[in-house]
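The values are calculated or read from the model by the stated rules, or taken from the named source; none is laboratory data. Note that this is a predicted model, so its numbers are computed, not measured. All Cβ positions, glycine included, derive from the backbone under ideal geometry; neighbour counts span all protein chains shown. Protein only, heavy atoms only, side chains kept; ligands, DNA and RNA dropped before computing areas. Shrake-Rupley method; radii C 1.70, N 1.55, O 1.52, S 1.80 Å.
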Amino acid sequence: MLIVNNLVKKFNTTLAVNNISLTVRPGKIFGLLGPNGAGKTTTIRTILNIIKPTSGEIIFNGNPITYEYYNIIGYLPEERGLYKRSKVIDVLVYFAALKNLSKKDAINFADYWLKKLNIFEYRDKKIEQLSKGNQQKIQLIAAIIHNPSLLILDEPFTGFDPINQQEVKDLILSFVSEGKTIIFSTHQMELAEKLCEDILLIDNGRAVTSGKLTDIKKNFGGNNIRVGLAGGLISQNQFPEIVKIDNYNNYSDIQLRDDIIPSEFLKKLIGKIEVNHFSIIEPTLNKIFIDLIKENSNNI
Amino acid sequence: MKKILAVAKWEYLEKVKTKTFIISLIITPIIIILFSILPSLLFREEAPKVELIGVIDTSGVYFNDLVKELDKYKLEEEQKNYVLINFSFENQIFEELIITANKNIEKNLIEGCLILYHAGSDSVSAEYRTKSLGNFKNVERLEEAIRSIRLKMKLEEEGVDTRLINYFQERVVVKQMQVDEEGKVSEGDFITTFFVSIIFILLLMMMVVYTGQMLVRSMIEEKSSRLIEMLVSSITPDELLTGKIIGLSLLGLTQIFIWSVIGISLVAGALIPLTAFNNIVPMLFYFILGFLFYSSLFVGIGSTVNTEQEAQQITTYLSLILMLPVVMAMPAIQNPDFIVTKIFSYIPLTIPTVMILRLNIGNVSELEIFLTFVILIFSIFIVTKLSAKIFRIGILSYGNKPTLKEIFKWIKE
């Protein structure tokens with residue numbers, strides 16, 4: 001379990017991170033979300049012990065950060081790149097050595113992961129001879145070769161095709177079932193929604209919202225329904241109860257005024273148009289993200 | 001410690017395999033060989049071949065004496081250096097004689113032609129025509145010969161005793177000897193020792209520039225790909241820096257080792273006289289310390305740059321500083337106690353190169369060597385400390401190049 005308490009990081013006069021707290025439970029994926037420049041990287045760097053926080057504490061499995069901590073964290077930075085002119089196996093052994101693995105173990109683990117990710121044939125090739133997707137796989141292996149118990153992945157899916165994305169997703173899920181502590185930072189809300197149990201949304205260095213994703217969705221509220229129509233369309237002018245309507249081919253998503261009870265609205269609707277589907281829907285994480293960030297920037 | 005060694009090993013092995021390193025290994029010795037053979041070729045005492053020189057002397061007064069005078073210059077195995085040919089044919093006028101001589105020079109039949117105007121009178125003047133104007137030695141010898149012939153003629157005319165004339169003609173040669181610290185006197189071979197020190201300075205400069213550039217380039221790669229973040233989430237920046245400096249120094253030592261092998265074989269091949277290496281021990285020390293000093297400087301500065309161009313600029317400035325002794329070599333030779341030279345021998349940036357130069361042009365006291373060693377070692381220590389501070393922040397800052405003010409702030413943090 002990783003606990004970050006009241007983290008503050010100041011660069012000269014700018015507050016990059018302003019009093020952020022988070023708890024990452026083992027066996028769960030924690031989503032660190034926020035727009036560009038929100039302070040995600042700074043937060044990650046302090047957790048990684050790359051930079052010292054101005055104040056606040058970071059506790060992993062009951063202990064504050066020590067030198068040993070370096071050997072149990074794995075980190076995949078957002079921007080990708082490796083020693084282009086070096087051999088795949090050499091690079092992997094080097095990163096393993098920096099995590100205190102013996103050469104023999106390093107080679108064994110490297111071979112294991114290369115096989116698992118279907119790129120064993122490139123073992124003795126130079127990095128620059130590999131496709132971009134395969135280079136990223138190598139970097140992912142470099143981040144996990146030492147079997148870290150705390151794993152920080154910054155945008156791990158960008159640049160992968162759907163097949164490779166699936167492979168990487170399976171890999172991450174296998175770490176979850178092993179009980180690793182995982183922080184996942186991304187802009188892809190759909191993925192975060194599928195993978196993360198807990199999230200922290202930050203903007204301008206401050207926490208905008210945090211907690212269990214299901215709770216956040218519940219609290220975010222919004223009176224949303226989805227209706228399928230047998231024929232015809234609903235227009236906003238017809239019903240004063242509608243705040244916003246998105247029409248799709250087979251259904252329409254409707255946001256109702258907060259004081260309207262959905263079932264009452266359904267009754268009214270049935271009288272006018274033939275309805276073949278009706279459901280109450282939760283807001284998407286994407287919507288929550290956009291709305292909250294907008295609201296937050298309006299408040300400043 | 002294990003991790004530091006891992007970094008050192010990686011930096012060393014990955015760079016030793018690069019093209020830049022292999023090229024620097026090959027090109028530099030070629031330059032050394034050129035520099036070490038060139039002086040001995042340029043300053044050979046005797047020309048290696050017999051030279052034919054035409055003489056136009058319508059008076060006939062000088063020719064025979066000239067032959068006698070120039071006979072004293074010998075090649076190996078007692079061969080004459082010069083053979084003079086009388087170009088003053090009786091049935092030709094002066095202008096025609098000159099045209100004939102010109103043709104002979106043109107066709108390379110003779111090396112050159114000495115033309116004496118108004119040879120019979122006191123206001124004699126001479127001209128030496130040749131294809132290669134650079135041969136100062138021949139002109140000097142001809143002048144010397146004519147001067148001594150005229151002196152002898154005049155003295156004989158005035159009835160001076162022949163023995164006295166011979167006495168006047170004798171020249172005293174001043175031989176240069178070098179006295180060292182322990183009072184030992186030796187025949188110093190100035191030119192070669194001088195060139196050896198220039199070679200050492202050039203070697204140091206090239207090594208610093210090559211390895212420095214390699215280091216900065218790899219740091220730019222690590223920074224732009226954010227690899228550096230994976231590195232510093234595995235080891236502390238200080239460990240990374242130490243590992244890099246060790247790796248770089250090993251790289252330097254490899255170069256020195258290979259070049260020494262080449263150097264030793266050159267000495268063995270008698271291409272460079274052993275006397276040129278009288279000061280080899282302190283020179284090597286200055287060399288290695290200088291390299292360490294510049295390496296640690298490069299690591300600090302290198303961590304602040306983001307692009308190849310910025311890196312190029314910095315290496316250019318540093319190599320200019322390293323080249324400084326070559327610029328001040330001449331004033332330093334003429335006056336080893338020149339104050340500017342002395343000042344530069346106490347500035348860490350210029351200690352290695354200036355001291356290598358000074359060691360070979362004059363005697364440097366042991367105290368001075370000791371002091372400069374202390375200054376240099378102390379500065380290596382300081383620069384490494386400062387570099388570590390700059391490195392710690394520099395590796396994580398992207399975008400614009402930091403200003404000097406910002407860098408000072410990093411150091412203070």
Positions within the range A:204-223 being free of Cβ contacts under 8 Å to residues at least 12 places away in the same chain and in contact with a strand residue (DSSP E or B) (Cβ under 9 Å, 6 or more places away or on another chain), in sequence order: A:Asn219
Test set (1) within 24 Å of B:Leu240 (Cα to Cα); (2) more than 25 Å from the chain's Cα centre (by Cα); (3) within 14 Å of chain B (Cβ to nearest Cβ); (4) not hydroxyl-bearing (Ser, Thr, Tyr) - A:Glu128 fails condition number: (1)
Single residue of the range A:40-65 satisfying the filter (polar (S, T, N, Q) and within 11 Å of chain B (Cβ to nearest Cβ)) that is farthest from the chain's Cα centre (by Cα): A:Asn49
A:Asp253 vs. criteria touching a Lys or Arg at 6+ places or on another chain (Cβ under 8 Å), surrounded by 11 or more Cβ atoms within 10 Å (Cβ to Cβ) and not polar (S, T, N, Q): yes
Residue match in the range A:234-241 (condition: modelled with pLDDT of 85 or more, among the β-branched types (Val, Ile, Thr) and open to solvent by less than 40 Å² (accessible area, probe 1.4 Å)): no
Lone qualifier among A:Thr209, A:Thr181, A:Thr214 - being among the β-branched types (Val, Ile, Thr), closer than 25 Å to A:Phe60 by Cα and modelled with pLDDT under 90: A:Thr209
Residue within the range B:306-326 that is crowded, with 20+ Cβ neighbours inside 10 Å and modelled with pLDDT of 80 or more present: no
Criterion (closer than 30 Å to A:Arg25 by Cα, within 10 Å of chain B (Cβ to nearest Cβ) and either touching a Pro at 6+ places or on another chain (Cβ under 8 Å) or of a type in the set (Lys, Arg) (or both)) met by exactly one of A:Lys116, A:Lys103, A:Lys84, A:Lys99: A:Lys99
Residues of the range B:32-73 satisfying the condition of being aliphatic (A, V, I, L, M), touching a Phe, Trp or Tyr at 6+ places or on another chain (Cβ under 8 Å) and either open to solvent by less than 40 Å² (accessible area, probe 1.4 Å) or modelled with pLDDT under 80 (or both): B:Ile32, B:Leu38, B:Ile53, B:Val55, B:Ile56, B:Leu70
Criterion violated by B:Glu76 - all others in (1) free of Cβ contacts under 8 Å to residues at least 60 places away in the same chain; (2) surrounded by fewer than 16 Cβ atoms within 10 Å (Cβ to Cβ); (3) closer than 15 Å to B:Ile53 by Cα satisfied: (3)
Residues (polar (S, T, N, Q), within 11 Å of another protein chain (Cβ to nearest Cβ) and either under 22 Å from the mean Cα position of the chain (by Cα) or assigned to a loop (DSSP other than H, G, I, E, B) (or both)) located in the range B:203-230: B:Ser225
Test: residue in the range A:155-167 that is within 11 Å of chain B (Cβ to nearest Cβ), touching a Ser or Thr at 6+ places or on another chain (Cβ under 6 Å), touching a residue at least 12 places away in the same chain (Cβ under 8 Å) and closer than 21 Å to A:Leu191 by Cβ: no
Scan of the range B:133-161 for residues that are surrounded by fewer than 16 Cβ atoms within 10 Å (Cβ to Cβ) and over 20 Å from B:Asp71 (Cα atoms), ordered by number: B:Leu133, B:Gly134, B:Lys154, B:Glu156, B:Glu157, B:Glu158, B:Gly159, B:Val160, B:Asp161
